[in-house]
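The structure under discussion appears below in the form of structure tokens.
The values are calculated or read from the model by the stated rules, or taken from the named source; none is laboratory data. Since the structure is predicted, the reported quantities are computational estimates derived from the model, not experimental observations. Cβ: placed from backbone, ideal geometry, glycine included. Neighbour counts: every protein chain shown. These area figures cover heavy atoms from the full protein model, side chains too; ligands, DNA and RNA do not enter into them. Shrake-Rupley method; radii C 1.70, N 1.55, O 1.52, S 1.80 Å.
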Amino acid sequence: DLARRDLSERGIALTVDVPPAEAALDGDLVSQVLYALVLNAGESEQAAQVALTGRVDVGSLVFEVADDGVGVAPEARGRLFEPFFTTKAQGTGLGLAMAEKVAQAHGGRLELVDGGLGPGGRGARFRLTVPT
């Protein structure tokens, strides 16, 4: 709800489709990661929509956050999870690095995958996978 309010103030629509599921994880930390990913997606240049989806996969919970913004520049892809690397004028470069550490602490992973919400897959899509 907090992310929805933040995004709607900027004219960005947020859709959420996450079914209830149970897993042995720190719900607060995972929620913080998802919240940060949603806000990052909403800060993408030209973004008008953001989607948070979740599903139960074999032995894992899989969350994806996608947007229809300009996407991640090819030269930035290899450095996204490096501490202090940022493409934002006001960013610290710690958000994705810390999110990746939370995923790893749960035995999972955070990755940038293909398939944004825009035409032809334009935009970005981050996938957080954590074992159940």
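The residues of region 1-23 that are outside any helix (DSSP H, G or I), of a type outside the set (Val, Ile, Thr) and open to solvent by 70 Å² or more (accessible area, probe 1.4 Å), listed by number, are ASP1, GLU9, ARG10, ASP17, PRO20, GLU22.
Where helices (runs of 4 or more DSSP H) fall wholly inside region 24-132, the ranges with 3 or more residues that are surrounded by 13 or more Cβ atoms within 10 Å (Cβ to Cβ) are 27-42, 95-105.
Pairs meeting the criteria (first residue in region 6-17 and over 11 Å from VAL65 (Cα atoms), second residue open to solvent by 60 Å² or more (accessible area, probe 1.4 Å), beta carbons under 8 Å, at least 6 apart or on different chains) are ILE12/GLN49; ALA13/GLN49.
Beta carbons closer than 8 Å, at least 6 apart along the sequence or on distinct chains, pair a first residue in region 101-123 that is under 15 Å from GLY69 (Cβ atoms) with a second that is among the β-branched types (Val, Ile, Thr) for LEU112/VAL72; LEU117/VAL50; ARG122/VAL70; GLY123/VAL70.
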